[in-house]
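Visitor: Sharing a structure here in structure tokens format.
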Amino acid sequence: MSHDQLRSQLLKGTTPYLVLAVVRDGELYGYQIAQRIRERSDGAFVPSEGSLYPTLHRLEADGALTATWREGERGPRRRWYRITPAGVATLAAHEAEWEAFSGAVTRVASVSREPSGA
């Protein structure tokens, strides 16, 4: 698996977590959500429309986000997303799961200081 394929798979699995994390800070529309994820990750994560919008729709269907259409100031209408109390709880669960998961991966991947067979 190439570096880009690995990054793509990791992003796919973490997109709901990343979306909820940036929307927790305030109401945003889709393009702004993608921008915030890109900015906060220093460009490491660049969600595509093909992954972002299905995630937004799934989070909305699950009750983690609410969305409203509004006229744009200088352009088309935009769908604005806001986190719900259920979304805050989902985000907390994602954060706890990520801590446990990433810690376990780090422990497995760390070089053992004990000799083999000890």
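Nothing in this text is a laboratory measurement; each read-out follows from the coordinates by a stated rule. The structure presented is a predicted model; accordingly, all values stated were derived computationally and were not measured. Using ideal geometry, Cβ is built from the backbone for each residue, glycine included, and neighbour counts are taken over all protein chains shown.
Visitor: Apply 1/(1 + (r/R0)^6) to the Cβ-Cβ distance of LYS12 and GLU73, taking R0 = 41 Å, and write down the FRET efficiency to the nearest 0.05.
Guide: E(calc), rounded to 0.05, equals 0.80.
Visitor: Let me ask you something else. State which stretch of the chain is the longest one without any exposed trypsin sites (Lys or Arg not before Pro), exposure meaning a DSSP loop state and at most 13 other Cβ atoms within 10 Å.
Guide: 25-73
Visitor: If neighbour count is taken as other Cβ atoms inside 10 Å, put TYR53, TYR81, TYR31 in order from fewest to most.
Guide: Final ranking by Cβ density, sparse to dense: TYR31, TYR53, TYR81.
Visitor: Also: Indicate the gyration tensor shape class of the chain (rounded, prolate or oblate), computed on the Cα atoms with a ≥ b ≥ c the square roots of the eigenvalues: a/c under 1.5 is rounded; otherwise a/b larger than b/c is prolate and the rest oblate.
Guide: prolate
Visitor: What helices does the chain hold that run 20 Å or longer along their axis, going by alpha-carbon atoms, with a Kyte-Doolittle average of 0.0 or more, using DSSP H for the helix calls?
Guide: For the chain, where a helix must reach 20 Å along its axis and average at least 0.0, the hits are 3-23, 85-109.
Visitor: Got a sec? Charge dipole of the chain, +1 on Cβ for Lys and Arg, -1 for Asp and Glu; which of VAL108, SER8, TYR81 is way out at the positive end?
Guide: Final value for the positive-end residue is TYR81.
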